[in-house]
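Input: a single structure, listed below in structure tokens.
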Amino acid sequence: MKIIKTKLNYANSYTLFDINTLAVGEVVLFDILIKKEDGYIIIIEAGTVLSENLYDKLKKQEGLYIAKKDEEKQILSCESLKYYIRHNKDNIQKRVQLLYDVNSQLFDIYLSNKDNKINLECVELIVKSIIYLIKYDEIFIRNTMPYFINENMLKNHSLHVAIYALTLGNALKFKDEQLLQLGTAALLHDVGFKKIDAAIINKETPLSPQENKLVQKHPLYSVEIIKQNHIHDPYIIAAVMHHHERYDGTGYPEGRTRKEISDFASILAICDVFDALTNSRPHRKNFTSFNALKMMMRDSEMINGFNQEYLHMALKLL
């Protein structure tokens, strides 16, 4: 085992660490130290992959320590996500699972509380992690899609739409501030479904006209909830409100047409429908990516609904 370097004796800065919280094959997100004489010595640097041999050697040590400031990194959370992502950025399956896990934490808490409270700091950290990965990996979306979970769940759909939207926004050369706005709108665009009866959402037969009217209120509910959470950015609000509007005026809730629909809303409209088509629903099986895009470009009910420039760019990216 290689000793990296000696740390000064700041006894109050370190805490005992249980190696059993890690597993062989994981990336260690923090320096691991041992106490020697009057100082602490780093024996494992952050970013090291824990091999079986290395793991066995660590288990034989009498006492292992980490910096107290690194304690939060031991558990995957919104706050520690950025560390997990950066140390696993080259592990495609792992980085996707990390996004799913933290996004699930975010939505599970939101869906279970009566006050519709959304952890906006967590939203920002998830969006920034996606932006980081998109900028790091030139073919991030192509590498990521094979690991998408095909389940009819709000949290998964919201994450997929955020990933698609940010990929498209990055290709359009949006600035980081714009990407953060777009990603926030994408991740929260459907939070209003919480106010709609699950029996309607999961219905396996065609919805009645009255049920359709209820479903079509979800953008209004989403805006209501994000405003309740003190989001008043007009770009985010417009994107969430109008993600079901269509260029030919056939969308909802306001029946807007081409010039009345923002760029962000146009992007969300494409990403929302694409993910819906490529994931199974109670009444149908999922379509392939190719067939979904073909439908969006050629189907008589969709052909005039989307921004064609963005739609063709999405085709190239996917």
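The values are calculated or read from the model by the stated rules, or taken from the named source; none is laboratory data. Values in this document were obtained by computation on a predicted structure and should not be read as measured data. Methodologically, a virtual Cβ is constructed for each residue, glycine included, from the backbone with ideal geometry; neighbour enumeration extends over all protein chains shown.
Brief remarks on what is shown
- Inspection of the stretch 194-206 finds a residue satisfying the criterion of being at pLDDT below 95, part of a helix (DSSP H, G or I) and of a type outside the set (Gly, Ala, Ser).
- Some residue of the stretch 146-163 being over 25 Å from TYR83 (Cβ atoms), in a helix (DSSP H, G or I) and in contact with a Phe, Trp or Tyr (Cβ under 9 Å, 6 or more places away or on another chain): yes
- The requirement of being without any contact (Cβ under 8 Å) to a residue 24 or more places away in the chain and of a type in the set (Gly, Ala, Ser) is satisfied by SER112.
So that you can scan it fast, the table gives a plain yes or no per residue for (1) exposed (fewer than 15 other Cβ atoms within 10 Å of the Cβ); (2) touching a residue at least 60 places away in the same chain (Cβ under 8 Å); (3) among the small types (Gly, Ala, Ser):
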| residue | (1), (2), (3) |
| --- | --- |
| ASN150 | yes, yes, no |
| GLU177 | yes, no, no |
| LEU187 | no, yes, no |
| ASP197 | yes, no, no |
| LYS213 | yes, no, no |
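- Within the stretch 260-283, the set of residues being touching a His at 6+ places or on another chain (Cβ under 9 Å), of a type in the set (A, V, I, L, M) and closer than 15 Å to ASN156 by Cβ comprises ALA276 only.
- Among residues that are out of contact with any Ser or Thr (no Cβ under 9 Å at 6 or more places or on another chain), closer than 30 Å to ASN229 by Cα and aliphatic (A, V, I, L, M), LEU76 is included.
- Selection from the stretch 115-143 of residues that are free of Cβ contacts under 8 Å to residues at least 60 places away in the same chain and not in a helix (DSSP H, G or I): ASP115, ASN119, ASP137, GLU138, ILE139
- Only listed residue being charged (D, E, K, R), closer than 19 Å to LEU111 by Cα and assigned by TED's automatic domain parsing to the domain that holds LYS128, chosen from ASP263, ASP248, ASP190, ASP233: ASP190
- Qualifying residue in the stretch 30-52 (condition: in a helix (DSSP H, G or I), over 30 Å from ILE139 (Cβ atoms) and in contact (Cβ under 8 Å) with a residue 24 or more places away in the chain): yes
- The stretch 225-302 holds helices (runs of 4 or more DSSP H) entirely within its bounds, and those carrying 3 or more residues that are β-branched (Val, Ile, Thr) and within 22 Å of PHE193 (Cβ to Cβ) map to 234-241, 263-277.
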